[in-house]
Amino acid sequence: MTVLLDVHAPYAEEARMALMPFAELEKSPEHIHTYRISPLSLWNAAAAGFSVSSIIRALEEHSRYVLPPGMTKKIDDIMSRFGKLTLYALDEDGVLLLKSSDHLISLEIEASSLMKKYLQKTSNGFLVALGNRGTVKWELIKMGYPVEDCAPLVTGERLEVNLREGTGASGAAFQLRDYQKEAADVLVGGNGPGTGYGIICLPCGSGKTIVGMAVMNALKCNTLILTANTAAVHQWINELLDKTTLTKDQIAEYTGDKKESAPVTIATYQILIWRGKKKPKPEWAAQTGSEAIAGPGTVLETNPPEEREKMPQERGERDFPHFQLFHARQWGLIIYDEVHLLPAPVFRVTAELQAVRRLGLTATLIREDGAETAVFSLVGPKRYDVPWKELEQKGWIAEAFCIEIRVKMPKALALQYAVSGREKHRVAAENPLKIAVVRALIAKHRDDFIIVIGQYVDQLEVIAKDLDAPLITGKTPNKKREEIYDRFRQRELRVIVVSKVANFAIDLPDASMAIEVSGMFGSRQEEAQRLGRVLRPKERSSFFYTVVSQYTVEEDFASNRQQFLSEQGYKYSIQNWEEAEDEDG
C-alpha cells in the first residue's frame, strides 16, 4: 500500500493532488516522494465522500504500471467498514447515540470491557456522553471500526473577520500565496459533509499562521486559538492586528499572565492543562457541555432518564479548571497551532469538541510518543501538505544547508563516557570542546544572525557566558524572553542562546543560522522545528549546524537527523572538526 511518486514525470502535480485525499505523504526527497495508503487515510477519504471506484480510478489514471493484484479488493474491504457504525445527536441534554447496521459488530462492542467505560447499551443502540465523543471514535478505530459521525458541526457566533488586501496595517506588502489559499480552501471545503476539520502540514517559515487567518476569513466566527507558549500568543495577536480587520478589543489573551476572553481568544496549552484543586464530582450530564452541540441534528427516540443515570461518569473541568475556556463562548472554530504538541489531557477536550470546526497547523505530525494517529482521529485528517523543497525552489522559504560537525572528546571525558552507563548521552552532549567549534562558526559567519540551541541548561549557561550572549531558558520570564527576541529581530543582537523553549512557534525572520550543541536523542520532530527557525524567506542561504561528539551515541542519534532531513530533500554533509578547521584556513 505504498505509492512512489516520480516528481519529474509529466503530470506529477496532478498525480499529487489526486493522491492527497486518500494517501499520506511520508517522505519527500529530491526525486521520489513516498505516500502511504492506510486504513485511516481511506476512512478519512470515505468520510469526505470518496468512493472505492473514485480512488481506484485515480490510481489507474496516474500509475505508470498496472495496479498490483488484489489492491482493489483490499481498498474495498477497508472502506466497506466505514458506515457500519453511525453517531447521531439526540435533541436533549447533548447526548449522542451510536447505532450499528451490523448485529455482530454491536455484540463485539457490547462485549468489550474497555467500551463499557464509555457506552451505555439501550434498546436503540449505545448512549455516548458528549465528552466521550472523540474517545469512543478513537477506541473504535483501534478495534477496526471507524464511526460515521453525523452529529452536526456548529457555526458558532458570527464574527466579521476580513483579511487586509495589498498591505497590512504596518504598511508591509501582504497577500495570500497560492498554497496558503489552497490549504484554506481544502480545509473549509464549502462547508460540505466531511469538511471543516483537519490538519495542514507546511514547513516552518511558510506562513501557517496566515493559513489560519485565511480559514477565519472564510468561516467568520468566534475563534479559539491554542498555541505553544506566551511568546507565540503575542505573535498571533500582532499578526491578526496587522493582517486582518480585527481590532484590539476583539482579541484576548488567556495565559498565565492574563486571563481574558473575547471573540478571538488565544491561549497556551500549558495554562489549559494546569490542575487546580479537586472539585466535587458533578452529574455526568452537567459535564457534557450540551451548548457545544446546539443546532439542527438528527432527532432520534430518546432513552428514559433511568437509563441515562447509569451512564459512565466522565472527567472534565473538575480536573482542569481552565478547560472552561472551551465553553466560554460559542466558538465556531478552534485552531491548534503546533498541533503535534497537543498535550494528552487536551486530547480529552479535543474529543469533546468534535462538533466544532477545528484546524491543526504543524510543520511535521511526527510525535516521538507515536500519538500521530490520535491527533488524526481527534483533530482531523491531514488535508494539505507541500514538500519542503518545493517551497524552497519557489523562493517561499530559504535554501538551507545542513552540516554535521564531529568533535573529538577530551581523554578524561572519554574515560568518564566509557563508564557512565545511562548518562552517556549527556556526557557526550556536554563535551566542552564544542564551545570552540561554536565560537569558530560564529566568527566564520560574520554576516549571519545566529541562534545557538541546546538541551542542557548548564551547558548553555557556559556557552552564553563565553559568547557574551543572552540566554533564554524555561525559567526566563516571558517579558524578558520577548525583550531578547525583539532585540534580535531589530538586529541589536547578532547571537542568542536558547534552550528547547525556542523550538516551537517563535518567529525570528532574520535568523539565518542555527547551531545545535545538544538535542533530544535525535528527535525528528525537534530537528524539523529547529531547522525551521532559519527557513524564513530571505535573500541569503541559511545554515543548520549540529555539533556532535565523535564515536559516541550522539553519532547514532545524528543518523535519525540525517535520515529525516534527507527525506525532506535537504543535502546533509558530515565533517570532522579538524578537517573543517583546515578547510576554513
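Quick notes
- Nearby lysines by direct alpha-carbon distance to residue 411 (threshold 19 angstrom, same-chain neighbours under 8 apart not counted): 424, 434
- For 123, 420, 559, 100, order by how many other beta-carbon atoms lie within 10 Å, fewest first: 123, 559, 420, 100
- Per-peptide average of other Cβ atoms within 10 Å, ordering 212-220, 107-115 highest first: 212-220, 107-115
- Sorted peptide list for 331-340, 392-401, 17-26, criterion being average Cβ within 10 angstrom, highest first: 331-340, 17-26, 392-401
- Contact order relative to length of the range 2-79, as percent, for alpha carbon pairs under 8 angstrom and 6 or more apart: 28
- Pairwise Cα distances in the range 64-111 exceed 18 Å for 54 percent of all pairs.
- FRET E, pair residue 475, residue 433, Förster distance 25 Å, beta-carbon r, rounded to 0.05: 0.40
- Shape class of the range 35-182 from the alpha-carbon gyration tensor: oblate, with a/c at 1.5 or above and b/c at least as large as a/b.
- Cα-Cα over 27 Å, subset of 444/571; 389/475; 243/394; 142/259; 444/480; 248/500: 389/475; 142/259; 444/480; 248/500
- Under a 5 Å amide H cut-off, with hydrogens placed 1.01 Å from N, residue 493 pairs with 488 among residues at least 5 apart or on other chains.
- Segment residue 560..residue 270, full-extension length gain: 101.5 nm, with 0.36 nm per residue of separation and the alpha-carbon distance subtracted.
- Net lengthening on full extension, residue 13/residue 170 (0.36 nm per residue, minus Cα-Cα): 52.9 nm
- Radius 15 Å from Cβ of residue 113, net charge of other residues (Lys, Arg +1; Asp, Glu -1): +1
- Translational D in µm²/s for the range 1-88 (Stokes-Einstein at 37 °C, 0.692 mPa s, Kirkwood Rh from C-alpha pairs): 241
- Note: relative contact order over the range 85-149, using C-alpha pairs below 8 Å and six or more positions apart, is 36 percent.
- Values of log10 I(q)/I(0) for the range 85-149 across q = 0.13, 0.14, 0.17, 0.20 Å⁻¹ run -0.28, -0.33, -0.50, -0.71, by the Debye formula with one identical scatterer at each alpha carbon and no solvent.
Each reported figure results from applying straightforward, stated rules to the coordinates on display, with no laboratory input. Because the structure is a prediction, the values reported are computed rather than measured. Positions of Cβ are generated from backbone atoms using ideal geometry, with glycine treated the same way; all protein chains shown enter the neighbour counts.
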